[in-house]
Amino acid sequence: MFEARLNASNVLKKVLDAIKDLLNEATFDCSDSGIQLQAMDNSHVSLVSLSLRSDGFDKYRCDRNLSMGMNLANMAKIMKCANNDDTLTMKAQDNADTVTFMFESQNQEKVSDYEMKLMNLDQEHLGIPETDYACVVRMPAMEFARICRDLSQFGESVVISCTKEGVKFSASGDAGSANIKLAQTSTIDKEDESVIIEMQEPVTLTFACRYLNSFTKATPLCNQVQLSMSADVPL
Amino acid sequence: KQRQTAITSFFPNT
């Protein structure tokens, strides 16, 4: 029996909003330590790796390891039916072919439950190698999302160049060209509002706006984003 | 136009 409860469903709502544009389907691997999800987008250009630790749930029970193949578009439809402050309970029997989602309103007056068929997805588990990056930039997630959104109006790709002074984002196309330079924050009073750069050596890399704008769908989940970069290595 | 390339080769299949 698998049962996981969140007192507020908004974390899982944000997780679904973060991945549903990149992935059509994915396997939720449930074990007593939590839920792991790892999947590549259809073109294998990006890898989504997600971990929901059991201690992040208000109640978590997983008697036997369970892999739930989810159609994320359908799961997103179900999650849209939950209010942010509803209690969410996800349940599945051990060798089930369905999963149920129950939402309870704060005042206990409204209880909704949704059942979704599970899919048989072939499992490929990829190892994510430890990498020593040339540059690691930590910056406000909202700021990065804003930069990607603004620059994607000017070109299909963004050039990110990082030195110890700061990080520059550039794009150019028919409409013109755009450069956004962020200096490293000198006096760090609020970590998650600062731009912090750890540089082994300068780096200049180019990425498609389409993917950056998909990744920044995860912005509501966290105040800070970390950009780890090296030549010829995935961002 | 530089295309974003697949990254499968970066992740050894465990």
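The values are calculated or read from the model by the stated rules, or taken from the named source; none is laboratory data. Just so you know, these numbers come straight off a predicted model, no measurement behind them. With ideal geometry, Cβ positions are generated from the backbone for all residues, glycine too; neighbour counts draw on all protein chains shown.
Some notes on this structure:
- Going through (1) farther than 25 Å from A:His44 by Cα; (2) loosely packed, with under 14 Cβ neighbours inside 10 Å one by one, A:Lys168 falls short only on (2).
- Some residue of region A:109-132 being in contact with a Gly (Cβ under 7 Å, 6 or more places away or on another chain) and at pLDDT below 95: yes
- Candidates in region A:154-175 are the residues that are more than 14 Å from chain B (Cβ to nearest Cβ) and within 23 Å of the chain's Cα centre (by Cα); of these, the one that is nearest to A:Ser214 (Cα to Cα) is A:Phe169.
- Boolean, A:Ala145 is outside any helix (DSSP H, G or I), touching a helix residue (DSSP H, G or I) at 6+ places or on another chain (Cβ under 6 Å) and in contact (Cβ under 8 Å) with a residue 12 or more places away in the chain: no
- Answer from A:Met102, A:Met75 - the residue that is of a type outside the set (Ser, Thr, Tyr) and surrounded by 19 or more Cβ atoms within 10 Å (Cβ to Cβ): A:Met75
- Residue, surrounded by the most Cβ atoms within 10 Å (Cβ to Cβ), within region A:171-187, restricted to residues that are of a type outside the set (A, V, I, L, M, F, W, C) and within 18 Å of A:Val136 (Cα to Cα): A:Gln184
- Residue match in region A:79-86 (condition: in contact (Cβ under 8 Å) with a residue 40 or more places away in the chain and either assigned to a strand (DSSP E or B) or of a type in the set (Val, Ile, Thr) (or both)): no
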